[in-house]
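The next block holds one structure in the form of structure tokens; read it before the comments.
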Amino acid sequence: SFLGSQEATPTLSTTKPKESPQQAKTVDATHSEQHVRVLIFSKDRPFQLRNCLESCHECLKGCTFDIVVLWKTEDAEIEGRYHELIAEKKAKFERENQTKTLSTLIREHCLGHEWLLFCVDDLFWYRTVDLGNCVKALNQNVDLMCIQLKLNPHICWSHTASLPSPPPASLRLLNTNLLSWPLHQAKADWAYPWDLCGGLYRGNDVESIINNLDNYALSHPNRFEVAGLKEIKKLISKYPRSACPIEPVLSVLTINRVQDIFSAPIYTCDFTLKKLNFLKNTSLDAREYRCRRYSSVHIGELLLLTQTEKTKMDTSLVTFVVPARNAERTISACVKSILRQGTHLAELIIIDDASTDNTIQVATEAADNDSRLRILQLTTHSGIAAALNAGLKATKTPYFARLDADDICLADDRLSRQLAFLQAHPQIQVLGTGTLASRHLDDTTKTYALRPCQPLLVAWGLHFSCCIAHPSVLCRTQALQNVGGYPESNYAEDYELWLKLTDMQPLAIANISEPLVWLRKSSSSVSASNRDIQRQNADTAAVAAFGRRLKREIEKDVAIALRRPEACASVTTLKSAAQLLLQLEHHFLAKNAQSDEEEYTRARHLIKADVNARLAAITLAAARNSSSSSNEDVSQVVTDCATFLTDRDPGAMSTFLGAICYSTNHSSRTSGQARCTT
């Protein structure tokens with residue numbers, strides 16, 4: 001499953017890859033000297049090309065680069081707009097014609113360069129990219145095929161194929177800016193390593209591919225991409241992994257089609273291609289694109305500076321609330337990271353939960369007389385939920401932010417990023433972020449957990465785990481007050497709160513992928529010292545939520561089997577868990593059918609795939625338990641799950657058959673006939 005338990009999600013280590021002293025010396029010495037050739041393909045789209053060029057110069061940092069544009073048009077008016085761009089000297093322009101064919105130009109401008117970055121004219125950069133860091137990653141990680149700058153953890157849908165494109169579950173953190181994954185485990189856009197939309201490659205690999213292609217394969221960018229993909233896949237044994245940024249840096253504005261090779265879908269737009277090409281005194285609004293997160297690389301949202309209403313963020317919008325008990329070792333770094341958040345921070349309230357150490361003194365000293373710090377002291381130890389409710393009651397600002405006393409804001413612009421997103425998405429009430437985590441305070445190895453980002457996927461994922469990092473959230477204060485604040489009856493106060501909030505507003509919660517918080521686990525933290533109780537309380541909260549949504553009583557052991565089928569020893573309970581899963585899916589999709597049509601359609605496909613994976617996991621758990629159950633019971637649950645999967649998606653049977661093969665090979669039954677029948 002790719003939408004689910006935080007605990008089950010693979011974590012990603014920033015541990016530096018092994019390299020020889022000579023290799024390390026070479027990389028460090030040449031990092032600042034790297035030079036990248038940027039090659040842009042353009043046809044009949046001078047307006048979009050202008051934005052692509054300007055954003056290249058604005059966003060590509062970390063090393064030197066030069067830009068070559070291979071362009072083509074048969075329209076005299078459009079040709080004039082291209083010549084205006086040529087006169088601005090932002091790139092070298094080479095026109096495709098009968099004398100200089102595209103195959104000739106590709107060979108001329110691709111061969112002999114150490115690094116190549118491919119772009120198309122409808123690509124738009126809106127966030128800084130450290131090209132030097134990308135080049136260094138390719139140098140240091142010899143198993144990396146390329147850096148695919150169009151991808152990021154938000155991408156879960158392929159617009160061109162109209163198919164789910166979930167991020168691989170086995171992502172690994174290369175450094176603070178890049179993630180990598182094994183290509184053989186990827187699907188759709190994540191399994192497309194030869195890409196003219198923001199693909200960065202080693203020059204010798206590009207040369208090898210081009211030398212294996214004939215002139216026909218190089219006669220059109222789309223043919224070049226398809227033929228190049230076949231060639232580069234031959235190198236997967238040498239380069240089994242690919243990489244991408246940890247946050248969105250670009251999108252491809254797919255609002256017009258200028259090629260006749262493929263009939264890929266395009267979005268509707270108020271501007272015809274001709275009208276767009278002759279727009280003057282305006283450009284795409286990078287700030288507005290940064291405020292959004294898209295589920296697809298290819299987008300249809302045209303945000304122009306002249307059309308976009310600039311939302312000027314007021315200052316002093318946010319109150320940070322930090323519950324603390326005996327946190328003298330960690331509170332100083334926490335306080336300092338919050339007070340660096342700039343003018344958006346109105347107040348930092350520390351709720352001291354009857355500490356017996358110097359927590360208050362250390363926090364006060366860390367604030368260095370900053371008037372934004374306020375400390376509220378509880379006279380008796382009341383627990384984190386009571387402390388949070390005291391902070392919520394004391395909050396006078398429209399936004400309420402969280403951090404735990406042993407955690408740190410990684411970015412000084414955490415608040416401004418989250419505020420920009422919430423102001424661009426008024427329906428979102430709670431926004432979490434990506435996180436880095438350490439197993440203990442002295443651990444320098446950080447890990448990154450993959451969480452669902454889109455509101456519908458977050459709401460669905462909450463059925464199975466708390467897929468929101470509580471210390472990372474920025475919330476609308478009124479939304480928390482409307483649901484009565486934090487439940488004070490258990491250690492899963494945040495999870496129960498999110499479930500109640502999504503009961504009222506299913507699309508109220510979202511995540512952004514970039515890690516803006518460092519979770520430093522101390523031995524005294526609530527999550528570290530009460531993990532078993534926390535899990536039990538989370539199960540109880542989930543059972544109550546399932547009951548509210550389905551309007552019937554839910555057996556707790558069935559709900560737990562759904563959330564953790566591998567821990568269930570009863571085949572009968574697993575069968576009931578499969579039925580509960582399908583009922584929850586039906587209810588969830590029916591309730592949210594009025595959501596944004598495009599996002600709902602995408603989420604429906606992704607949720608269906610997630611349910612298929614969970615059905616297969618339940619089947620596998622039943623097959624593994626065949627040694628402790630009657631053959632008839634096991635056969636029945638396997639048959640039921642097979643029927644569910646076949647009715648839903650015949651392709652999902654491959655997962656199902658894999659589970660059965662596993663059971664046949666690993667069952668402790670002595671009767672081969674019994675295994676065969678099952």
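The values are calculated or read from the model by the stated rules, or taken from the named source; none is laboratory data. Keep in mind that this is a model prediction, so the values were computed, not measured. With ideal geometry, Cβ positions are generated from the backbone for all residues, glycine too; neighbour counts draw on all protein chains shown. To get the accessible areas, we keep the full protein, side chains included, count just its heavy atoms, and leave off ligands, DNA and RNA. Shrake-Rupley method; radii C 1.70, N 1.55, O 1.52, S 1.80 Å.
Structure data summary
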read-out: Hydrodynamic radius by Kirkwood, which averages 1/r over all alpha carbon pairs of segment 181-259, in angstrom; value: 13.9
read-out: Cβ crowding within 10 Å averaged over residues, with 556-563, 149-156, 68-75 ranked highest first; value: 149-156, 556-563, 68-75
read-out: Overall form of segment 356-395 per C-alpha gyration tensor (a/c, 1.5; a/b vs b/c); value: oblate
read-out: Total charge dipole magnitude, the chain, about the Cα centre, Cβ charges on Lys, Arg, Asp, Glu only, Debye to nearest 20; value: 480
read-out: Viscosity 1.567 mPa s, temperature 4 °C, Stokes-Einstein D of segment 138-192 from Kirkwood C-alpha radius, µm²/s; value: 109
read-out: Computed E for A590/A169 - FRET, C-beta separation, R0 30 angstrom, nearest 0.05; value: 0.60
read-out: Angle between the chain longest axis and helix 46-59 axis [Cα atoms, degrees, rounded to 10]; value: 60
read-out: Cα principal axis extents for segment 97-247, largest first, Å; value: 47, 35, 33
read-out: Heavy-atom accessible area per residue - the chain, 1.4 Å, Å²; value: 41
read-out: Projected area, mean over directions - segment 301-419, Cα convex hull, nm²; value: 8.6
read-out: Segment 565-608, dipole about Cα centre (Lys/Arg Cβ +1, Asp/Glu Cβ -1), debye to the nearest 20; value: 220
read-out: Values of log10 I(q)/I(0), in the order q = 0.25, 0.31 Å⁻¹, for segment 55-109 under a Debye, Cα-only, solvent-free model; value: -1.07, -1.22
read-out: Approximate shape of segment 213-350 as ellipsoid semi-axes (Cα gyration tensor, √5λ), whole Å, largest first; value: 45, 28, 10
read-out: Subset of K43/K187; K150/K233; K396/K521; K100/K275 violating a 25 Å alpha-carbon distance limit; value: K43/K187; K396/K521; K100/K275
read-out: Listed residues K234, K591 arranged by accessible area, highest first, probe 1.4 Å; value: K234, K591
read-out: R0 of 51 Å, Cβ-Cβ distance Q478-E74: FRET efficiency to nearest 0.05; value: 0.35
read-out: Segment Q423-E58, extension gain: residue separation times 0.36 nm, minus the distance between their alpha carbons; value: 128.9 nm
read-out: Crossing angle, helix 571-591 versus the chain [Cα axis fit, 0-90 degrees, rounded to tens]; value: 60
read-out: Of all accessible heavy-atom area on the chain, the percent that carbon and sulfur account for (1.4 Å); value: 50
read-out: Contour minus Cα-Cα distance for Y600 and A569 (0.36 nm per residue); value: 7.6 nm
read-out: Spatially proximal lysines relative to K575 (Cα-Cα < 27 Å; intrachain offsets below 8 disregarded); value: K551, K556, K591, K608
read-out: Added length on full extension, which subtracts the Cα-Cα distance from 0.36 nm per residue, E553 to L235; value: 109.0 nm
read-out: Nearest 10 degrees, 0 to 90: helix 631-648 Cα axis against the chain principal axis; value: 40
read-out: Alpha carbon centroid spacing (whole Å) that separates segment 177-242 from segment 317-362; value: 49
read-out: Intensity falloff of segment 398-450 expressed as log10 I(q)/I(0), Debye formula with alpha-carbon point scatterers, at q = 0.23 Å⁻¹; value: -1.01
read-out: Cα-only radius of gyration and Dmax that characterise segment 37-180, units Å; value: 17.0, 50
read-out: Assigned charges on the beta-carbon of Lys, Arg, Asp, Glu; segment 111-181 dipole about Cα centre (debye); value: 220
read-out: q = 0.11 Å⁻¹: log10 I(q)/I(0) that the Debye formula gives for the chain, counting C-alpha atoms only; value: -1.21
read-out: Alpha-carbon centroids, segment 598-623 and segment 396-433: separation in whole Å; value: 31
read-out: Pairwise Cα inverse-distance average, inverted: Kirkwood Rh of segment 442-558 (Å); value: 15.4
read-out: Spatially proximal aspartates and glutamates relative to K89 (Cα-Cα < 17 Å; intrachain offsets below 8 disregarded); value: E54, E58, D66, E79, D121
read-out: Using alpha carbons only: equivalent-ellipsoid semi-axes of segment 251-302, gyration tensor based, whole Å; value: 20, 17, 8
read-out: Kirkwood-type radius of segment 103-173, with distances r between different C-alpha atoms, in Å; value: 15.1
read-out: Sites K275 and N204 - FRET efficiency at Förster radius 45 Å, r taken between beta-carbons, to 0.05; value: 0.55
read-out: Estimated distance in nm for a label pair at N358 and R257, the labels positioned 7 Å out from Cα along Cα-to-Cβ; value: 7.0
